[in-house]
1. What list of ³J(HN,Hα) values in whole Hz, one per residue of the range 4-15 in order, does the Karplus curve 6.51 cos²θ - 1.76 cosθ + 1.60 (θ = phi - 60°) give from phi, with Gly and Pro shown as x?
2. Count the net charge of all other residues whose Cβ sits under 13 Å from the Cβ of Phe94, scoring Lys and Arg as +1 and Asp and Glu as -1.
3. Identify the GluC sites (Glu not before Pro) of the range 55-109 meeting these criteria: DSSP loop state and at most 12 other C-beta atoms within 10 Å of the C-beta.
4. Quick one: Karplus J couplings for the range 79-93, per residue in order, coefficients 6.51, -1.76, 1.60, θ = phi - 60°, nearest Hz, x for Gly and Pro?
5. Would you mind ranking Lys58, Lys90 by Cβ crowding within 10 Å, fewest neighbours first?
6. Rounded to the nearest 20 debye, what is the charge dipole size of the chain about its Cα centre when +1 sits on each Lys and Arg Cβ and -1 on each Asp and Glu Cβ?
7. For the pair Asn38 and Ser83, what calculated FRET efficiency results from E = 1/(1 + (r/R0)^6), where r is the Cβ-Cβ distance and R0 = 35 Å, to the nearest 0.05?
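Bear in mind these aren't lab numbers, they're just calculated from the coordinates by the rules spelled out. Remember, predicted model here, so these are calculated numbers, not experimental data. Here the Cβ positions follow ideal geometry from the backbone for every residue, glycine too, while neighbour counts run over all protein chains shown.
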Amino acid sequence: MANLRLISIFCNETEDFTGADEPKILVNGRQVWQGSLNDRQSASLTALPLIEFTSTAKIELYDRDSGGPDDDDFLGSHEARASEAGQGEKRPAFTGDGANYVITYEVRR
């Protein structure tokens, strides 16, 4: 078993043109965080509990859309792997739909 520790999310550029995004993070299909971020803002994720997984943990990022015909905007995904345990922090970019986010995480045993 391995544990995923989410550390932070940083917004280089929002997906929305009219102000802040409402990003949400899913891990293996389960929402673990949501917030509001604008360009050059970040949020700490260290208060979130460790997420246990076996071989891979799929991290997905969406921008929530309130109502209307448009579904939440998919900003990207990344697979954390149990084999990354002990390798320190990882910082994949999520650049879908014109956005640019970085989520920092580490994998622990």
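1. With coefficients 6.51, -1.76 and 1.60, one gets 9, 10, 7, 10, 7, 10, 10, 9, 6, 8, 6, 7 Hz.
2. Its environment carries a net charge of -4.
3. Glu89
4. So the Karplus estimates, Gly and Pro as x, are 9, 7, 10, 4, 5, 7, 4, x, 8, x, 6, 10, 9, x, 9 Hz.
5. On the way: Lys58 13, Lys90 17.
With the sparsest Cβ surroundings first, the list reads Lys58, Lys90.
6. 840 debye
7. For Ser83 and Asn38, the calculated efficiency is 0.50.
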